[in-house]
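In what follows, a structure is listed as structure tokens, so that the remarks can point back to it.
FYI, it's all coordinate maths here, none of it is from the lab. Just so you know, these numbers come straight off a predicted model, no measurement behind them. So basically every Cβ, Gly included, is an ideal-geometry build from the backbone, and we count neighbours across all protein chains shown.
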């Protein structure tokens with residue numbers, strides 16, 4: 001039995017227990033895709049939706065897919081039984097439902113688009129008219145997860161703390177709420193994706209401008225004004241639940257950047273690095289309480305927390321009652337196919353009845369245990385959007401990301417930086433930050449080059465404490481970067497002929513690429529590669545949760 005399961009879970013999570021049949025009273029299932037590729041909602045949902053379609057078809061269900069974007073894997077003819085490349089509007093969806101007569105709808109794998117379309121169909125009475133059952137999460141659960149006022153009330157009823165907040169449907173209400181909460185404030189529109197229309201405001205003038213934008217962005221014209229928790233540490237937990245109320249955490253994710261930067265624009269690390277086990281277990285218990293109170297009956301949810309680094313106070317920020325961008329990242333990081341498992345749970349299976357795809361032996365009821373570190377680094381394209389301010393906030397601006405896996409945070413971080421394929425190297429970017437005033441500004445104001453500014457400051461002799469005070473980034477991460485800087489400085493004192501083997505091994509384990517090491521040793525890449533081979537310093541490739549395999 002997994003030591004991570006609660007006592008109530010352990011009583012029933014036994015693979016030998018009599019399996020309960022999956023749902024045979026439904027034959028066809030409707031799935032919505034996420035539509036066009038936009039910032040905050042791109043190929044991650046194609047990845048999730050394709051998993052769900054294939055899993056349901058393998059179980060013998062007829063799958064009807066609707067997605068307006070033909071440039072996806074999910075719209076390939078073999079993925080679904082019937083594919084409609086049509087606009088994702090209530091009118092079109094109603095017509096398709098009338099023609100296909102699906103027994104059920106799985107709304108939780110189509111991103112925010114799928115959720116909003118499902119809610120619109122329910123409000124119009126379409127689902128009741130055609131007798132379409134919702135799988136995974138019912139209407140009340142979707143509303144409770146997406147409507148920030150209902151979510152706040154649900155959390156408070158459950159004894160969980162949320163930041164002080166208020167909800168406005170107009171500018172007048174927003175002014176009154178702001179007067180009670182004080183500045184700065186975080187503005188979050190309801191039912192939007194990627195923080196669209198949201199932001200941080202520091203005075204009344206900014207409030208009026210931002211609230212107007214947020215009201216336009218929200219389909220329900222409702223805006224949350226939230227007490228600022230800027231500078232707090234941010235965490236996400238990917239939680240799965242089945243119909244027997246068994247729940248597991250698939251993956252914990254820690255944001256490198258403090259609160260105030262959208263998680264899609266932050267460097268993120270899995271598993272979380274800076275919480276004690278006691279703190280993590282308490283957060284895990286809170287996550288289970290959230291998914292149960294919101295009422296997601298089966299499947300996955302992304303739940304976000306903020307923790308005050310000074311006091312340890314923890315608050316619930318929000319949840320997504322569906323698979324999300326972070327779910328796709330967690331799936332790739334752990335090898336746990338969240339969308340596939342969510343689809344199987346939705347049709348009646350339980351976590352103890354589904355075998356792990358990788359090991360073929362353990363069951364989905366057992367939480368993945370990562371003995372490696374995963375780092376995600378966003379990729380921006382501000383050169384294509386010259387009118388967009390390069391500062392980062394609660395509204396997502398990144399257009400992609402890289403994911404790197406390493407034995408340590410240092411290795412994964414440096415592999416991720418190398419994978420960004422930016423014009424010019426890290427050192428060249430840091431050299432442009434020599435001015436201490438500009439450097440401090442780069443550290444203090446979140447922006448897409450702040451990671452390079454951290455390296456620059458540490459190379460210039462700033463202490464970890466100084467950098468932490470300026471950037472509000474946890475000192476643990478900064479100490480790791482300082483170690484990388486120290487290794488680079490030590491390597492730079494040698495040439496290829498004299499550099500000690502132990503130092504070369506240490507540098508490679510810290511994630512320094514051959515190109516970067518060759519630059520530090522002032523030698524060609526191919527000469528360094530040959531020397532590494534001669535000294536038998538070779539890369540080792542490992543599979544997730546399996547034995548290491550050496551490259552010949």
For the peptides 509-519, 46-56, what is the packing order when you average, over each peptide's residues, the other Cβ atoms within 10 Å and list the highest mean first?
-> 46-56, 509-519
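If neighbour count is taken as other Cβ atoms inside 10 Å, put 202, 183 in order from fewest to most. Intermediate values should be presented prior to the final figure.
Working: 202 11, 183 14.
Ordered from fewest to most neighbouring Cβ atoms within 10 Å, 202, 183 come out as 202, 183.
Most exposed first by the Cβ proxy, i.e. fewest other Cβ within 10 Å, how do 366, 385 rank? Working shown, then result.
Numbers: 366 18, 385 13.
Ranked by crowding around the Cβ, least crowded first: 385, 366.
Over the chain, what is the relative contact order in whole percent, taking alpha-carbon pairs under 8 Å and six or more residues apart? List each step's numbers first, then the result.
Details: 1051 pairs, mean separation 69.2, N = 552.
It comes to 13 percent, rounded to a whole number.
Between residue 24 and residue 101, what FRET efficiency comes out of the Förster formula 1/(1 + (r/R0)^6) with R0 = 22 Å and r the beta carbon distance, rounded to 0.05?
On the way: r = 18 Å, r/R0 = 0.80.
About 0.80, to the nearest 0.05.
Taking the beta-carbon count within 10 Å as an exposure proxy, list 243, 278, 284 from fewest neighbours to most.
Values: 243 16, 278 9, 284 20.
Arranged by neighbour count, lowest to highest, 243, 278, 284 become 278, 243, 284.
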Where labels lie 7 Å past Cα in the beta-carbon direction, separation of residue 421 and residue 515 in nm = 1.0 nm
Could you give the length gained on full extension between residue 534 and residue 379, defined as 0.36 nm per residue of separation minus the Cα-Cα distance, in nm?
-> 52.2 nm
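Residue separation times 0.36 nm, minus the C-alpha to C-alpha distance between residue 276 and residue 171: what's the value?
Values: separation 105, 0.36 × 105 = 37.80 nm, distance 4.24 nm.
Contour length minus the Cα-Cα distance gives 33.6 nm.
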Just one of (1) 54, 24, 22; (2) 52, 33, 19; (3) 40, 30, 22 is semi-axes √(5λ) of the Cα gyration tensor in Å as worked out from the coordinates here. Which one is it?
-> (3)
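Do you know the relative contact order of segment 230-379, to the nearest whole percent, from alpha carbon pairs under 8 angstrom that are 6+ apart? Please list the in-between numbers first.
Values: 278 pairs, mean separation 43.2, N = 150.
Relative contact order for segment 230-379 comes out at 29 percent.
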Nitroxide proxy distance, nm - points 7 Å out along Cα→Cβ at residue 435 and residue 206 = 2.2 nm
Taking the highest mean first, how do the peptides 110-119, 533-542 order by number of other beta carbon atoms within 10 angstrom per residue?
-> 110-119, 533-542
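Restricting to Cα pairs below 8 Å that are 6+ residues apart, what does the relative contact order work out to for segment 28-143? Please round to a whole percent.
With pairs under 8 Å counted, the relative contact order is 29 percent.
To the nearest 500 deg cm²/dmol, what mean residue ellipticity at 222 nm is calculated for the chain from DSSP H runs of n ≥ 4 alone, each contributing -39,500 (n - 2.57), summed and divided by the residues?
Computed mean residue ellipticity for the chain: -12000 deg cm²/dmol.
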Once you sort the root eigenvalues of the Cα gyration tensor of segment 422-550 as a ≥ b ≥ c, which label holds: rounded (a/c under 1.5), prolate (a/b larger than b/c) or oblate (the other case)?
-> prolate
Helix 525-534 versus the longest principal axis of the chain: what is the Cα-based angle in degrees, 0 to 90, to the nearest 10?
-> 90 degrees
Find how much the distance from residue 496 to residue 89 grows on full extension, using 0.36 nm per residue of separation minus their present alpha carbon separation; answer in nm with one decimal.
-> 140.2 nm
If packing is taken as the mean number of other Cβ atoms within 10 Å per residue, what is the order of 337-346, 89-98, highest first?
-> 337-346, 89-98
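Can you figure out the FRET efficiency of residue 505 with residue 311, using R₀ = 56 Å and their beta-carbon distance, to the nearest 0.05? Please report the intermediate quantities before stating the final value.
Numbers: r = 41 Å, r/R0 = 0.73.
It comes to 0.85.
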